[in-house]
Each structure stands twice: as C-alpha cells, then as structure tokens.
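Contents: one structure, followed by commentary.
The values are calculated or read from the model by the stated rules, or taken from the named source; none is laboratory data. Please read all numbers here as calculations on a predicted model, not as lab measurements. Counting neighbours? That spans all protein chains shown, and the Cβs are built from the backbone with ideal geometry, glycine included. The protein model used for the area step is the full one, side chains on, heavy atoms only, and it has no ligands, DNA or RNA in it. Shrake-Rupley method; radii C 1.70, N 1.55, O 1.52, S 1.80 Å.
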Amino acid sequence: MLLSDAIRKRITKLLKENNMNLWQLYKQTGVSASTLSYFMNKKRELITLKTLLHICEGFHIELKEFFDDPLFKDVEQD
C-alpha cells in the first residue's frame, strides 16, 4: 500500500473511532477544509508533516500513536 493511502485510511479510521467527520476535524485542527478534502479525495497525493501533526492534535494523539497501526507495516513510497 502506498504511504498516502495508508495515511488516508488511518485518518478515516480515527474519524470513525472519534465519531467525527472532516468538517469537525477541520474545526478541531484549523487545517483548511480544502486541504483535508483534497487529500482525502486523492486530489492531492501528499500531506505535509506539519499538517499531519495538526490532524493528530485534533484527534488528541501523538504523531507516534498515529503511525502505530498495522496499516504502516509494509507501506511503499508514493
């Protein structure tokens, strides 16, 4: 699986676990709704580490917890 796809799946999983949608995540993080939407809808393939850190803050987790998931076991470079 490509890294960007694994990140999308992890965000989707965390949204479900936290009973949130992208709009609520936007409100929690301050990351623009268009940035979140473009990345999640594959209109943008890459996400910055800074943006990912803000997303983690919105879920109240650390970056290391975000990547501590089996999705990232065998990821490939985009």
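Across segment 25-37, the qualifying residues are those that are within 12 Å of the chain's Cα centre (by Cα) and in a helix (DSSP H, G or I), and the one among them that is surrounded by the fewest Cβ atoms within 10 Å (Cβ to Cβ) is 37. Under the condition of being assigned to a helix (DSSP H, G or I) and among the charged types (D, E, K, R), the residues counted in segment 67-78 number 0. Checking each residue in segment 1-24 for being farther than 11 Å from residue 71 by Cα, in contact (Cβ under 8 Å) with a residue 40 or more places away in the chain and surrounded by fewer than 16 Cβ atoms within 10 Å (Cβ to Cβ) picks out only 18. Between 76, 62, the distinction of being under 18 Å from residue 1 (Cβ atoms) and open to solvent by 100 Å² or more (accessible area, probe 1.4 Å) belongs to 76 only.
The set of residues in segment 43-66 that are without any contact (Cβ under 8 Å) to a residue 24 or more places away in the chain, part of a helix (DSSP H, G or I) and either within 11 Å of the chain's Cα centre (by Cα) or over 14 Å from residue 30 (Cα atoms) (or both) comprises 49, 51, 53, 56, 63, 64, 65.
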